[in-house]
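Just so it is clear, none of the values below were taken in a lab; they were calculated from the coordinates. Bear in mind that the values here come from a model prediction, so they are computed numbers and not experimental data. Backbone-built Cβ (ideal geometry, glycine too); neighbour counts: all protein chains shown.
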Amino acid sequence: MLTITCHGTKARGGVSSAAHRLAGVLAGLIIPILLLASLPAAAQTDDKQQARLAEIKQRIESLQRELSQVRNERDQLLKELENNEKNISELHQRIDKIKRDMQSRGEKLRELREEQQQLEESRRSMQRRVEQEVAAAYRLGRQEQIKLLLNQQNPQHIARHLRYHQYFLQARSQVIDSYLTTLSALQTVSSSIQRERDTLDTERRRLHEQKQQLLTRQRARKSTLDKLAAQLADKSGELQQLQSDRSRLQKLVDEVSRTIAALISPGDQQPFAKQRGRMQWPVKGRRANSFGATRASGIRWKGITIRAAEGEPVHAIHRGRVVFSDYLRGQGMLLILDHGDGYMSLYAHNQSLTRSLGEWVERGDVIARVGNTGGLEHSGLYFEIRHRGIPQDPTIWCRR
């Protein structure tokens, strides 16, 4: 802290005043200097966060390569399924984008057509006025002012009548100019409408092509699923598959938990634990199982599957940062949110993911779309809540 002391008497008031002004100037400079000094530290913190996120991404990608290794025929089929489902997810995202673009252009086209209708009504109304003005001008010919002067018997009225005539000519000119402007606007709107129609036609063709590709990929996925089903016909094969899926997810959760430990959470983050029993479910639908219940081959459920229509929006249950957003064998398109204090929520088997690694989301934000990736026969969301890697019963956290 900088302290300035000034000594002086009334006789030296000039010097004292100057010193006080200097002190004021310096004090005014101290705060901006301190603020500027703090900026590099904040920037460094942000840079460290970004570097940490990049490290997390690299380590998770390395783990995914390890978990996706092809060792036998079943692994090969699972790899084919992964490729098909990732391609299907990308196609769904493209289709959704095209549909949004088409909706936006459709609204623009409706607005242009309404504007065109209003301009056309104005044109018809103005055209009658213009025709009258043109007819009057034609009847009077080009000698309007001379005829006006010759028709005046009282010279005192000449100036006044000439002024009135000038106003009349200006009004006529404005009518004609407005009419020409309306015609020009109509031409512009008509051209815009044609462009929007052409673009919409192009979008419709693209949408049809994407849907055809989607059908092809879905048939390939079905074929792969049939082959996998044949291999999993016996209980031992199914058990091995479920154990492998669980192991992969656990390894991923453990790795994510380790790597996000150094990330800094914002000070205004509302504690996850205080929302116990007050959070909304991520998607509306029928719960297909109970937490902890025994599933096929004696393995217990660590989360809850919610049956919902394909494409339904999946919402974040609480504010958090995306720490995983990709495909994981056995879980399909998977998104994991870190909520701080060791709490995470997992959303699996999605059709597509709408958020990326490192993004912050608020409670209720759409983070994915319900699907059946990961080899599910029916669409639905598999949902888990974990604390320090240990699965929690979602029913005690979300409203019943």
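Taking each of LYS57/LYS97; LYS108/LYS222; LYS99/LYS222; LYS251/LYS274 in turn, the alpha-carbon distance tops 30 angstrom for LYS108/LYS222. With the convex hull of the Cα atoms taken as the outline of segment 319-364, the averaged projected area works out to 3.2 nm².
Using the Cβ of LEU381 as centre and a radius below 13 Å, the other residues enclosed give a net charge of +2, where K and R count +1 and D and E count -1.
Here LYS302 is the anchor, and the aspartates and glutamates within straight C-alpha reach of less than 12 Å, apart from those fewer than 8 places off in the same chain, are GLU384, ASP393.
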